Structures are given as structure tokens and as C-alpha cells.
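Below is one structure, written out as C-alpha cells; the observations come after it.
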Amino acid sequence: MKFFLDVFVTLFVIIDPAGTVPVFLGLTRGRSDRDRNRLAWQAAGVAFGVIVVFALFGRGILDYLGVSLAALQGAGGLLLLLVALELLTGRAAEPTAAELERANVAFVPLGTPLLAGPGAIVATMLFVQRAHGAADAVALAGALAAAALAVWLAMRFALVVRRVLTDNGVELVTRIAGLLLAAIAVQLVADSAIAFLHAAR
């Protein structure tokens, strides 16, 4: 039980389902309620799948490609920065009809790297190393599923938040979310650079 709580609380804090709501609203603006509901469960499913893949094969994948955890963190930070700039400038606020048909924000950037980002991936890989025996493995799988469920609930009921805030409120919250997301992205890149400097010593 303790291992389950450790994993779930850590992932919950890193993924921050509540903080995902304004970003989700900004990226899905102009879409129907049905599309938003579909994107919510798709994003949660993609995030869960990506984290599970890295939990099972992450270390082997990175070793095979010759990629360090710091490089993965830096790449995720740069991608998040691009998303943050779109939210800040309003470019993602009103997608065209062609973009609505072509793009699926549930995969990128919602599923990854926003939800299943470098922080969640690295944390999961570290918990895998700490897991010993079948009980810990079940607890880890349950915690991953619970975190994905929390994310889905946050995005699923983001529509309620939208109705309360109205369009002007969503616009304001979207800009604030873009600013905070930019700060998170810069922090990821900075942490990556620091890790590279430590490794070079």
C-alpha cells in the first residue's frame, strides 16, 4: 500500500491533473463537446500507454539509442515551450476546419509531453528499479492506472469549468496556463543543462 501511495502521489504531483484543465480547454477550443470528451480519454490513454512502455522498456530504449535521461528531459522541455508559446500568442485558440480534421492534440501535446512528460517518465523508471516482487509490480500498475484515471476525470469535467468561467475566463486562464507552462519548460531545459554539466565533470 505504501509503495502504491508513493507512486500515485509522485505521479499526481508531476502530471498535475488540475493544471492540465486550462491547457486542455485552450487546445480544444472550437471543438464540439463530443470531440472534447473523445480527446480527454484519448489523451489519458496515450499518457498511460507511453508511461507503461517506458516503465517496461525505457532503460533499454535509451541505452540502445545512446540517449541520456537529461537529453530526454531537455527535448521534452523544448517541445513544451513551443506549446506554451502557442497558448500565449493565441495561435492554438481558433484552429481552422482543416486543422480540426487533421490534428489530434490528444497525442501531441496533451498525451505527451504534457501528461507523459520527462518528469513522469523518469519518475516511473526510477520506481520500476525500486519494485521488488509481484506485490510491488501490481502496486505500480495500479498507481499508473489511478493517475491516468485522475487525469481523465480532470479533462472530462473541464467542460463544467468552461461553463463556469465563460469564454473570456477561459481566454484569461489559457494565457496564464501558457505562461506557467513556459516556466515549466524552461525549468526542464535548465535541469537538463545542469545534468549535462555534472556529467561532464
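Odds and ends about this structure:
- Options 184, 194: the member that is closer than 20 Å to residue 120 by Cβ, assigned to a helix (DSSP H, G or I) and over 18 Å from the mean Cα position of the chain (by Cα): 194
- Test result for residue 165, in a helix (DSSP H, G or I) and under 23 Å from residue 123 (Cα atoms): no
- Pair list, Cβ < 8 Å and 6+ apart or interchain, from the stretch 162-184 residues that are at negative phi to residues that are surrounded by 15 or more Cβ atoms within 10 Å (Cβ to Cβ) and outside any helix (DSSP H, G or I): 170/29; 171/93; 174/29; 174/93
- Residue 139 being crowded, with 17+ Cβ neighbours inside 10 Å, modelled with pLDDT of 80 or more and within 13 Å of the chain's Cα centre (by Cα): no
- Here residue 62 fits the description: at pLDDT 85 or above, farther than 23 Å from residue 151 by Cα and crowded, with 17+ Cβ neighbours inside 10 Å.
- Only a single item in (1) polar (S, T, N, Q); (2) modelled with pLDDT under 80; (3) surrounded by 22 or more Cβ atoms within 10 Å (Cβ to Cβ) is not met by residue 96, and it is number (3).
The values are calculated or read from the model by the stated rules, or taken from the named source; none is laboratory data. Because the structure is a prediction, the values reported are computed rather than measured. We place every Cβ from the backbone using ideal geometry, glycine too, and count neighbours over all the protein chains shown.
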